[in-house]
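Engineer: Quick one: the structure is below, questions incoming.
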Amino acid sequence: MRQALATIMFDFVDACKATTTCKELLALIYGASEKLGVEHFVFCGLPPAHENIDKHVVLDAWPAGWADHYAQQNYVVVDPIVRQIKQSGNIVVWSEALAQAPISKRAQLLMDEARASGMEYGFTVPLYSRTDVQAVATFTRRQSPLATEECTVLHMLAVYTHARLKDLNTSGANRKVTPFVELTTCESECVAWCAEGKTDWEIGQITNRSHRTVHHLISSAQRKLDVVNRAQLIAAAFRLGMQQ
């Protein structure tokens, strides 16, 4: 079994480097996932608190209609798997995470609906920018739990896919989609409220942060984007595709 899994992993890594479009990468993930018995997967960014997840989905192989349903219900705010990823920064095996602590009724409804849609067993991988968790990759199937060795291979597939996505989105015509400089989730949230014309104090009230913390986050974003004031910061964020 280990030899077969190693072959899947190394074949994927070699083929991943040769992909030139997201469509090719999606097809490659489909093929490798199928060999591992994975039926559904998704790669998506973690949205700021004031945004829904629908604009942050990158590669979607969920059951038909699930992504729309998840977004419409704004389940990301109660998702126990997302919450644990944000708290720990570690990979999450769904069954283990759900056994550790009770969850809210709405979170339980989410997990029940996921199982009813064929996502009984899941494995979620945090994907990092240079500073924090930027996105997640989730793999699921219906019939049996994922073995440790299978999770290890999926972890590697997720990391290589994320890296390749960043390469593809920062080359040629796609350069504006994902800039080389990346803001943290907190910085992005503050910049978004800046674009709405909010002051540091107002942003602090909205995001439950101190005035000093908000000022620090905005100043950090300005340094990263090499701008000297808020007007330039907002313009740079829009130009680089960080805000819409």
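Engineer: Counting pairs of alpha carbon atoms under 8 Å apart in space and at least six apart in sequence, what relative contact order in percent does region 185-239 give? The partial results should precede the final answer.
Structural biologist: Values: 42 pairs, mean separation 19.4, N = 55.
Averaging sequence separation for qualifying contacts and normalising by length gives 35 percent for region 185-239.
Engineer: Can you tally the lysine pairs in the chain where the Cα-Cα distance is under 28 Å and the two residues are eight or more apart, or on different chains?
Structural biologist: Lysine pairs meeting both conditions in the chain amount to 25.
Engineer: Next up: Relative to the present Cα-Cα distance, how much length would full extension add between Ser95 and Val77 at 0.36 nm per residue of separation?
Structural biologist: Working: separation 18, 0.36 × 18 = 6.48 nm, distance 1.96 nm.
Fully extending the segment from Ser95 to Val77 adds 4.5 nm.
Engineer: Next up: What does the charge add up to near Glu150, with Lys and Arg as +1, Asp and Glu as -1, over the other residues with Cβ less than 11 Å from its Cβ? Let's see the in-between values first.
Structural biologist: On the way: positive: Arg2, Lys35, Arg141; negative: Glu149.
With Lys, Arg at +1 and Asp, Glu at -1, the neighbours total +2.
Engineer: I've got another one for you. Using a Förster distance of 35 Å, how high is the FRET efficiency between Lys35 and Phe238, based on the Cβ-Cβ distance and rounded to 0.05? Each step should come with its number before you reach the end.
Structural biologist: Numbers: r = 41 Å, r/R0 = 1.18.
Step by step, r from the Cβ atoms, then E = 0.25.
Engineer: Multiply the residue separation of Lys55 and Ala18 by 0.36 nm, subtract the distance between their alpha-carbon atoms, and state the gained length in nm to one decimal. Before the final figure, lay out each step's value.
Structural biologist: Details: separation 37, 0.36 × 37 = 13.32 nm, distance 2.69 nm.
Result: 10.6 nm gained on full extension.
Engineer: Calculate, for Thr152 and Ala195, the FRET efficiency according to 1/(1 + (r/R0)^6) with r their C-beta to C-beta distance and R0 41 Å; round to the nearest 0.05. Numbers along the way, then the final one.
Structural biologist: On the way: r = 41 Å, r/R0 = 1.01.
For R0 = 41 Å, the calculated efficiency reads 0.50.
Engineer: With mean projected area of the Cα convex hull in nm² as the read-out, I listed (i) 13.8; (ii) 16.7; (iii) 19.7; which label goes with the value calculated from this structure?
Structural biologist: Among (i) 13.8; (ii) 16.7; (iii) 19.7, the one derived from this structure is (i).
No value in this document is a laboratory result; all are computed from the given coordinates. Here the structure is a predicted model, which is why all the values come from computation and not from measurement. Positions of Cβ are backbone-derived with ideal geometry, glycine not excepted, and every protein chain shown enters the neighbour counts.
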